[in-house]
Every structure is written in C-alpha cells, then in structure tokens.
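Below you'll find the structure, written out as structure tokens, and then a few comments.
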Amino acid sequence: MGEFKVHQVRFFEYMPSGIRALAFHPKKERMAVARMDGSVEICHCSDRFYQEKVIPGREQCGIEALSWVGDRLFSAGLNGEITEYDLTNQKIKYTIDAYGGPIWSITGNKQGTHLAVGCEDGNVKLFEVTEDKIQFERNLARQKGRIISLSWHPSGSRIAAGMMDIIQVLNVEKGHSIHRMLVDKGVGKSRSKECVVWSVVYLSDGTIISGDSVGMVKMWDDQTGTLIKSHNVTKCDVLALSVSQSGDSLVAGTSEGTVVQFQFLSVVLGKDEKEWVRTRIFKSHTHDVRAVAEITTGVVSGGIDTQLVVTPLFDKAEVKSALRKVLFPHRKLVSCARKANLMLFQYSGHLELWRLGESEGIAEPDMSLPISRKPEKLLHLKVKGEEHIRCSSVSPCGEWIVYSTASSLRLYKLHCDNSNVSITKISKLPKVLSSASQLCFSSDSSHLFSASTQSSVHMVSLNKAGCKFMGTLKPKSGSKQPIHLLAPSEDGKWLASANSDHEVQIYDLQIRKPHCTVPTYSSAVSAMAIHPTTNCLFITHADQQMFEYSIEQKQYSDWSRSVQRTGLHRVWLDRDTPVTNVMFNPSNPSHIILHDSYMLCIIDQSLPLPDNSTQFYNQLTLRSLPEEQRKLYTHAFKVCKAFKEILCVEQISDQSLVVVERPLSDIITRLPKPIKQKKFAT
Amino acid sequence: MSKLTETQFDSSEDELPEEIAFDQSKSVALKSVKDALESAKREKTLLKEKRKKRQQLFQEQKKKKCLPADVLQEFDEMPQRQTKASDNNSDDEETLNEEETISKTLQDSYSVMRLKDNSSAISLQQRATDFIQSRLYGPGTRRTTSAELLSLSRKKGTNQGAAVEFINKKISADCKAKAEKSNKRFRHKQKLVPS
C-alpha cells in the first residue's frame, strides 16, 4: 500500500481561545463567533459551519458582545470602543470610543436604524447607523449601576436593560424609565452579593425573559412590570439567553456547561393558553457556556472550553443530523519546509520554528522507533505590535519565513548552519505587500504569492538580495471576496486560488494571466493541491465532496466523473470535520493523502470506489484476510485512525509524514476552572 | 498674709492672737496687689513676645514659599509687556484671561496630565475584568480544576483509567513540585531535621 515513516509531533502547544459571543444573521445563514482574544470568525451555518472568514484579534481587546445590523457586523468591548468590521477584507473597519467606560452589551434594533450600547457608567447610548459609519445620537436616562445586558423590543420603541439587582424597561423615544423590576437575590450565600442580570430577551408580546447569577430564568410582564414565572435552572449562573426567530423557543446557557431549552407551549392540550415550559437539557460543554444562539435547525453554543457545539433540534430539522463540534480552526496553522525538515508553528502572537528529530533503525509497521536526535526549537519570532498573526508560511527550502497581520506583512531570510540560526528582516518590501489573507511559496522557493484584496494575488520573486515585485494576478470575475487557499504546482507553471465566493481560479504563471476557472460548487473549498506529474487540481469541499480537475485539459478528470457517478460513501460524507490538507505520494502517482481532525486517509485512484453497501473502515479486516481475498474487498479509501485530534499532516522528504497532534486533554487542563459538579461515588 | 497664717498654725491654739500693726498689714495687702498686677503684666508681655515670634516665623516661611523677588518682578513686568505688544490681538488677552480663570477654578484635587500618561482607560477595563473574574471565579463560586474534571471523567467513563496526574507528565511534575514545597514548609515549621 504505502509505507511511510511518521513523525508524531505533540510539541505544538496550540491553545484555542474561548468563545465569548455569538451573533446569527438569519437571512444569510451566517454565524459570527467572537473569541476572547478578539478574533471574529464568520461560519456558514448550512455549509457544515465552515469558517469562511477569520478576522484576527489583538491584545487587550476585551470583546464582550457582537451584533449584526443588516449586513454589517459590530462589536463592543471592555475597552470602551465600538468596532465595525470590514468583512470583505477581513479586518477592522474603524473603532469609535463610546465615552461611557467599558461597554457590556451592544444590540441593534430590528429595523436596522439604531444601535444601543450598555455602558459601565449606567448610560444606554443610542447610535444612529448611517451608510458608512455610526453616529452618536443621544443617551437614555442615566441609571445608577452598570448596564450588563440589553434587548430591544421588536417594534423598536422600548429597551429592556439588565443591571445589578434590577431590570429597567426604558422608553426609547423619551428616554425615561417605564418600569423598574427588582430581581430577587435568592437564598443562602447569594443573598449577600448583588444579583447580576447577565442576559435579557424582549419578546414581541411584551414578555421579558432574564437570566441572572442566582441561576434563575425569570419571565416578566412589561405591562404591569411584575414577575410572571421563575424557573430555577441551575445552582450557578445563567450566562446567556437566546430566543429563536419564531419566538417560541428559548435557550439558556449556564456556568455548569448545560444548555437548557424552554418552549412556549400550551399546557393543556387543545387550549390556547400558552406558557414557557422547560423542555430539554443539553450537557454539551465542560466549562461555562458564555454564548448561545438559536438558529433555524438547532442550537449553537460556545463557551470557555473553546468548542463550538451545534445541537440539532429534531422537531425543526428536516434532515436528522448528529451533534457537531467545531474543535480546531479550519485554516492551517502549521507549515512545513519539506527539504529542510523544518516546521513553522503559527501562534496568535508569535511564530516558532522547529527542526524535526531523527530516528534510527528499520521498523515493522505500527512500531515506534527510538529517537536518536530530539526535535529542537530553532526560532521564536514575536510579532511587533498588538495585532495577531493572520497567516504565515515557510519556504520549502527553509530559507524564507513570511507572516502577515491585519495591517502588515513581514518577510525574513533565515540562515541556518547546524547550530547557529540567524534571521534577517527584509526591510524594503514592495508597497503592494501590505497585508495578506493567505501566503504561499512556490515549490522551488523562488517566488512568494501573497493573496490580497479583491481576490488578487501578488507575485514577488525572491533572491539573495531581497525581493522584487513581479506582478499581480487578477481574476476574471472581478470578485471582491478574500482568498483563503492558494496552491502552487510543482513545476512552477500554475497557481490555484480559492476565495469566499466559492470561486477557484487557476492562473498561468508564465504569462501571469488567468488560465481557467473550476465550475462553482455550492460548498466552500476546504483544501486543494496540484498533482506534481499530472497537473490535476484536487479539491475537497466543506461538505466532504471531492473533485479532480485537469488544468491542462480544462475539464474534470475521468476519475472525478466516476466518483460523482457512484457517489461518495455515506460514512465519508457523515464525517464532521473538513479535510484541511491534501498531499501526494512521490513514489506512487495514483495515491492522494488527505486528513481531517480524526483520521488520515490515502485514496488509491487505481482501486475501485466503494458503494454504500461495502464496509468503509475495512483496513483491519483486510489485514486479517489472506492476500488473494484482499483484492476482492479492497476499495480506494484507506483510512488510518491511529492518530487523534490531528492539527496538520504534512509531507517531508524521503517517504516521511509529519502528524501534528494536539491532545484535547492538554487543552482542557489549561482552561480556567470549571464548576464543581457533585457526582455519585466520587 | 501667708506668713501670718503660717505663724498662727505653728503656735498652740490656747495662746492669745498676736498683735499686728495696721501699717504692716496694709503694706502686705498693697504688696500682694502689686504682685498680682506685675504678674499679669508679665504674662501679657510673654504672650506678646510669643505672638511676635510666631508672626516672624510665618513670614519667613512665606518668604521661602515664594519665588525669589527678582523672578516675581519679572512676572510683574511680563503681563505689562504682553499687553503692550498685543494690543491689537485680542486672542492673547483671551488666553491670558482663560489661563487666569483656569488657574482660579482648578481645584486642589485636579491636576493637568498628558493624554499619553492617562492610563485611566486601561484601569477601567481592568476593573471590569476583575468584576467578571470575581463574580464567576471569586469567593462563593464552587470551582474545581480542569485536571480534576478530566480525572473524574476517566474514573466514570467507559474505559476507566487512572487520574490525570498519573498520566500527564507535566501535571504530575507540577503536583510533585507542589508536594515538595509543602513538605519543606512543614519541616521548617516543625523544625525537623531534613532527612
């Protein structure tokens, strides 16, 4: 089949950041996810939650809340600033200081005209949303105490503000307070502390639902300003609330990691009187759930344990799907210098360059070899400034390192003797190279490709003196969306780029013009690579489909057409993590190596494709069968499940693979403290 | 008078009182009055001297606080020069007036700082994060460590295994270091000889 020496690497100490806020855009079916380090990800809800766009964060951000106003995304944080994001170019458009101290909550009204912001000093500030900016309009009546949460009534005439111990209902037009509702502090130890109303939701029928630090979800009536019903959900805090688009389902996220669903149902069958009834409990998180959002087919929750969990609600979903967890980022954080045995790890604030270790001896399959030389860290490169790294790359020869933040790009030349490592910064970069959404070196390390705005790629040639700008590759379609994947060919003639508009453009590098476009597919491209000998572009999508497109013939290859005819195996399509890297086997041109977070797979194009009736994971059974019988049962997909929680699999010289694993237990042990849960017999 | 009374007490009670001349007692009375007047005068002069000394001290302190006399003279001359030079320019006068008004209304607790030095925005953010930290992780919340959580899941899970401390090398190293520290403290406290 294929014999590889595998370097199992666990020294990439990647630490994802906890999820702080979620915002759902119902028309476009996009979910904006804000993390504690300030980064914002836009996930496509119907496309297996693929991370289409990632806006990198910055230091000291303190982001607290997100809100969509029309198609624009705003966020506010504890640094007192309101930020609007430029989603086309994946960066911050501008920030405005609200001059109210730390901002705890931001929410837009349903009409899309105004933005309300809840500040530390007790003011609810109204901002008018103009065409290209936001303008401060006025303050509503100032309250005593900080405003933790806000919610507009769908009509836009009233706002409910959750504060310490009280909930205020304010009239937007006049600014004065209509009702002041006192939240009970509870019994026991919580009586001494103030009750924090972490979240409020204002429904169209006038009910206000609040979640507080005592662990109660309370329903209030805004006509009389009194409590209708109070539900004790947990002993610790209820941190997040979200109501569905139709207004009949509510989810609450707690500190214990549980997500509780309430539904507006008629208690007695047949009668019209409806009540909010607690229906389901989902125990999907280990740590605090800080954000929940109800989408059309399910519930999305995220918290301090950094995982985005999508729980399908079977009464709403047409197709029954399993619980999905988005664990690792869908972008590559590891790049490999194939010829020099070096690996570059991208952290949020720095880069690390490691040299892989070596082992001696010949081993049997599945045996681990003793290490003769340990892997060593060669370089720790910190980013200047507060911004986080968006993308980075190391050249295959190991002599060039490049990284880009949201506003700048830096190129370094690496001199590596056996023990001495020195690095020089290339200071005179061409002016066009300001920031890149994706970076890539050509296979002979002579050129650097930098994907920038308007789906264009800048081509820069590298030599001993420095770098020289060669030209810009612009797509025919004139799309403005950012490119998230680049794939150069082995012979240096072709470059493929994939952008957020699901366009895959192939450029001819000799004339520097677009060569052809792969027909658009409905799902986003998750990984692609160009075959070294046949020059076929192999593409995998977020919904687990795969295509092979021949660049020279400008059409799909025959193998790809046969895959589409027979269809992919059900088990393959049900996998919940996307393929993030595609490689080829130098010794066998019909092999394609790909991986996702839980498996490594080699597709042999010479073998028959499996249909839905055959067993998919058949490697173990094949091993038990004798040689002659194996040929009857083998199929093209050979899956290896020896490695778990894989961040990246890369190919290095002489039949070796590097598998970078990040054990989940390592991540969990570094997370903040979870709530102590009393379990029987512990 | 006091002498008379003293002699009276010394002699016995049976004897006749002594005869004292009228002149003697008159002189004694006058003397006592004079003494009282003199003592009052002395007290007054003493007080006056004290007050004088204090006043002098205050004046000296005031002099020390003020800038030297020549610098003050310069200041007296400056506004005159400015008003002479910029008679036509009303802005300067306004700024002068503004400066005067600023210095008059600026209270003792207020001070002028540069925007760069102003770190109050960061401290507000820090206070807000401290508030969240204390509400979610502070006293009153029942929290345990993530290692504990993992160990419990391993104990209760389908493939039961040992606690995380025994598997994860880093955590076990941390635990050993902590245990060694507390042992050292115990030995030091109990004044035991380290074995």
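The values are calculated or read from the model by the stated rules, or taken from the named source; none is laboratory data. Keep in mind that this is a model prediction, so the values were computed, not measured. A quick note on method: Cβ atoms are made from the backbone with ideal geometry, for glycine too, and the neighbour counts reach across all protein chains shown.
Looking at A:K374, A:K431, can you tell me which residue is modelled with pLDDT under 90 and under 28 Å from A:V54 (Cα atoms)?
A:K431
Residues in the range A:31-41: is at least one of a type in the set (S, T, Y) and touching a Gly at 6+ places or on another chain (Cβ under 7 Å)?
Looking through the range A:31-41, at least one residue is of a type in the set (S, T, Y) and touching a Gly at 6+ places or on another chain (Cβ under 7 Å).
Only one of these conditions is not met by A:V658: (1) within 14 Å of chain B (Cβ to nearest Cβ); (2) touching a Cys at 6+ places or on another chain (Cβ under 8 Å); (3) not basic (K, R). Which number is it?
(1)
Consider the range A:248-261. How many of its residues are without any contact (Cβ under 8 Å) to a residue 60 or more places away in the chain and over 15 Å from A:T279 (Cα atoms)?
Of the residues in that region, 1 qualify.
Give A:Y85, A:Y94 a once-over and let me know the one that is in contact with an Asp or Glu (Cβ under 7 Å, 6 or more places away or on another chain), more than 10 Å from chain B (Cβ to nearest Cβ) and among the hydroxyl-bearing types (S, T, Y).
That would be A:Y94, the only listed residue that is in contact with an Asp or Glu (Cβ under 7 Å, 6 or more places away or on another chain), more than 10 Å from chain B (Cβ to nearest Cβ) and among the hydroxyl-bearing types (S, T, Y).
Are any residues in the range B:165-179 more than 7 Å from chain A (Cβ to nearest Cβ) and either touching a helix residue (DSSP H, G or I) at 6+ places or on another chain (Cβ under 7 Å) or surrounded by 15 or more Cβ atoms within 10 Å (Cβ to Cβ) (or both), and if so, which ones?
Passing the criteria: B:E165, B:F166, B:S172, B:C175.
Okay, residues lined up against (1) of a type outside the set (V, I, T); (2) under 23 Å from A:S446 (Cβ atoms):
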residue: A:L351; (1), (2): yes, yes
residue: A:K374; (1), (2): yes, no
residue: A:H388; (1), (2): yes, no
residue: A:V394; (1), (2): no, yes
residue: A:G398; (1), (2): yes, yes
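Looking for something among the β-branched types (V, I, T), over 17 Å from A:A240 (Cβ atoms) and more than 36 Å from the chain's Cα centre (by Cα) - is there at least one such residue anywhere in the range A:137-159?
no
Taking the range A:1-57 only, how many residues are assigned to a strand (DSSP E or B) and closer than 19 Å to A:E294 by Cα?
Of the residues in the range A:1-57, 20 are assigned to a strand (DSSP E or B) and closer than 19 Å to A:E294 by Cα.
Suppose we keep only residues that are in contact with a Lys or Arg (Cβ under 9 Å, 6 or more places away or on another chain), in a strand (DSSP E or B) and of a type in the set (V, I, T) within the range A:390-414. Which one would you say is nearest to A:K53 (Cα to Cα)?
Residue satisfying both the conditions and the ranking: A:V402.
Being loosely packed, with under 10 Cβ neighbours inside 10 Å and either modelled with pLDDT of 85 or more or among the aliphatic types (A, V, I, L, M) (or both) is true for just one of B:K62, B:K3. Which residue is that?
B:K62
Residues in the range A:231-240: is at least one under 21 Å from A:K325 (Cα atoms) and surrounded by 21 or more Cβ atoms within 10 Å (Cβ to Cβ)?
Yes, the range A:231-240 contains a residue that is under 21 Å from A:K325 (Cα atoms) and surrounded by 21 or more Cβ atoms within 10 Å (Cβ to Cβ).
Quick check: is even one residue across the range A:251-262 under 24 Å from A:I178 (Cα atoms) and of a type in the set (V, I, T)?
No, that holds for no residue.
Scan the range A:249-290 for residues that are closer than 23 Å to A:V196 by Cα and within 14 Å of chain B (Cβ to nearest Cβ) and report the count.
Result for the range A:249-290: 11.
Conditions tested, residue by residue: (1) free of Cβ contacts under 8 Å to residues at least 40 places away in the same chain; (2) among the charged types (D, E, K, R).
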| site | (1), (2) |
| --- | --- |
| A:T520 | yes, no |
| A:S526 | no, no |
| A:D574 | no, yes |
| A:Y598 | no, no |
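In the range A:354-389, what count of residues is obtained for those that are at positive phi and touching a Lys or Arg at 6+ places or on another chain (Cβ under 9 Å)?
1
Is there a residue in the range B:169-177 that is closer than 19 Å to A:P674 by Cβ, over 52 Å from the mean Cα position of the chain (by Cα) and aliphatic (A, V, I, L, M)?
Checked against the condition, which is being closer than 19 Å to A:P674 by Cβ, over 52 Å from the mean Cα position of the chain (by Cα) and aliphatic (A, V, I, L, M), the range B:169-177 yields no hits at all.
Please state which one of A:D222, A:D248 is within 23 Å of A:A23 (Cβ to Cβ) and surrounded by fewer than 23 Cβ atoms within 10 Å (Cβ to Cβ).
Of the residues listed, the single one that is within 23 Å of A:A23 (Cβ to Cβ) and surrounded by fewer than 23 Cβ atoms within 10 Å (Cβ to Cβ) is A:D248.
Please report, ordered by residue number, the strands (runs of 3 or more DSSP E) entirely within the range A:476-545 with at least 1 residues that are closer than 16 Å to A:S557 by Cα.
Those strands (runs of 3 or more DSSP E) span A:504-508, A:513-518, A:525-530, A:536-541.
Looking at (1) within 30 Å of A:S456 (Cβ to Cβ); (2) within 14 Å of another protein chain (Cβ to nearest Cβ); (3) assigned to a loop (DSSP other than H, G, I, E, B), which is the only condition A:Y99 fails?
Of the numbered conditions (1) within 30 Å of A:S456 (Cβ to Cβ); (2) within 14 Å of another protein chain (Cβ to nearest Cβ); (3) assigned to a loop (DSSP other than H, G, I, E, B), the odd one out for A:Y99 is (1).
Looking at the range A:450-466, which of its residues are touching a residue at least 12 places away in the same chain (Cβ under 8 Å) and over 12 Å from A:W400 (Cβ atoms)?
A:S450, A:A451, A:S452, A:T453, A:Q454, A:S455, A:S456, A:V457, A:H458, A:M459
Working only within the range A:438-475, note down all residues that are touching a strand residue (DSSP E or B) at 6+ places or on another chain (Cβ under 8 Å), more than 24 Å from A:R331 (Cβ to Cβ) and assigned to a loop (DSSP other than H, G, I, E, B).
The answer is A:S446, A:G466.
Can you tell me which residues in the range B:124-157 are within 40 Å of the chain's Cα centre (by Cα), more than 7 Å from every other protein chain (Cβ to nearest Cβ), small (G, A, S) and part of a helix (DSSP H, G or I)?
Scanning the range B:124-157 gives a single hit, B:S134.
Does B:F186 satisfy the condition of being within 14 Å of chain A (Cβ to nearest Cβ), at pLDDT 90 or above and not in a loop (DSSP other than H, G, I, E, B)?
It is false that B:F186 is within 14 Å of chain A (Cβ to nearest Cβ), at pLDDT 90 or above and not in a loop (DSSP other than H, G, I, E, B).
Here are the criteria: (1) surrounded by fewer than 18 Cβ atoms within 10 Å (Cβ to Cβ); (2) part of a loop (DSSP other than H, G, I, E, B); (3) touching a Leu at 6+ places or on another chain (Cβ under 9 Å). Tell me which single one A:S435 does not satisfy.
Against the list (1) surrounded by fewer than 18 Cβ atoms within 10 Å (Cβ to Cβ); (2) part of a loop (DSSP other than H, G, I, E, B); (3) touching a Leu at 6+ places or on another chain (Cβ under 9 Å), A:S435 comes up short only on (1).
Can you run down the residue pairs with Cβ atoms below 9 Å, 6 or more apart or on separate chains, where the first is in the range A:549-560 and over 11 Å from A:T534 (Cα atoms) and the partner is loosely packed, with under 14 Cβ neighbours inside 10 Å and of a type outside the set (D, E, K, R)?
A:Y556/A:P519; A:Y556/A:Q564
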